[in-house]
1. Please list, ordered by first then second residue, the pairs with beta carbon atoms under 8 Å, 6 or more apart or interchain, first in region 120-131 and within 16 Å of GLN96 (Cβ to Cβ), second open to solvent by 50 Å² or more (accessible area, probe 1.4 Å).
2. Name the residue, out of GLY53, GLY32, that is open to solvent by less than 50 Å² (accessible area, probe 1.4 Å) and in contact with a Phe, Trp or Tyr (Cβ under 7 Å, 6 or more places away or on another chain).
3. Working only within region 99-120, note down all residues that are in contact with a Gly (Cβ under 8 Å, 6 or more places away or on another chain) and open to solvent by 80 Å² or more (accessible area, probe 1.4 Å).
4. Look through GLY93, GLY53, GLY32 and report the one residue that is touching a Leu at 6+ places or on another chain (Cβ under 8 Å) and at pLDDT 85 or above.
Amino acid sequence: SIRAYIHIWSGNLSIAMPAMQDDLGITKGDLGLFLTLHGLLYGVSKFANGFVGDRVNARYFMVTGLVLSAACNIWFGFSSAVVMFGIVWMLNGWFQGMGFPPCARLLTHWIPPTQLATKMSVWNTSHSVGAGLVVIVCGYIGSWLAPDTFCCLSFICVPSFLVHYNTHMKSLCIA
C-alpha cells in the first residue's frame with residue numbers, strides 16, 4: 001500500500017532515538033516533544049488536507065506529500081541542531097498527513113461499494129506493515145550506515161513508490 005511507504009518514515013525516529021541521544025546529546029524531553037508535535041500535526045494535517053484533497057488531483061496530491069516527506073527525511077539526516085530536528089520532524093508530520101485523504105478518496109472511487117469495507121480494512125493495515133518494515137529496514141540500514149538511515153530510507157522509498165504509482169495508480173482515471 002502507498003500508505004506503508006509513508007509510515008516507514010513516521011516510525012524511523014523511534015528506531016534512531018537511542019543513537020541520537022548518545023551521538024548528538026538530544027534529551028529524552030526533546031525527543032518526546034518532537035514525537036508529540038509530530039503526532040499532533042499529523043492528525044491536524046489529515047483533517048485539513050482532507051478538504052484540500054477533495055478539491056485537487058488526488059494522485060498528484062499524494063505524490064507531493066510523499067516527496068516532501070522524503071525531502072524532510074533527507075534534511076533531517078543532514079541536520080545536527082536540536083531546533084532544526086524539531087522543525088523538520090514537525091514538517092514531516094504535516095506532509096505525512098497528506099497521504100490518507102487522497103488514498104481514502106481514490107479507494108472509494110476504485111472499489112465497488114459491496115467490497116469497500118473489506119478492502120478498506122485490509123488497506124488500513126498499512127500502518128502495521130509500515131511500522132514492521134521500519135524495524136527491519138532501519139535496523140539493517142542503521143547497522144551499516146547509522147547516521148544516514150533517514151536519507152537511505154528516502155532513497156529507497158521514493159523510487160519504490162514511483163514504480164508502484166506507475167503500475168497501479170495510473171489505472172485510476174480520477175482527477
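1. SER126/SER1; VAL129/SER1
2. Step by step, each of GLY53, GLY32 is checked, and only GLY53 is open to solvent by less than 50 Å² (accessible area, probe 1.4 Å) and in contact with a Phe, Trp or Tyr (Cβ under 7 Å, 6 or more places away or on another chain).
3. none
4. Checking each option against the conditions leaves just GLY93.
The values are calculated or read from the model by the stated rules, or taken from the named source; none is laboratory data. This is a predicted model, so every value here is computed, not measured. Here Cβ is always computed from backbone atoms with ideal geometry, including for glycine, and neighbour counts include all displayed protein chains. Accessible surface areas use protein heavy atoms only, side chains included; no ligands, DNA or RNA. Shrake-Rupley method; radii C 1.70, N 1.55, O 1.52, S 1.80 Å.
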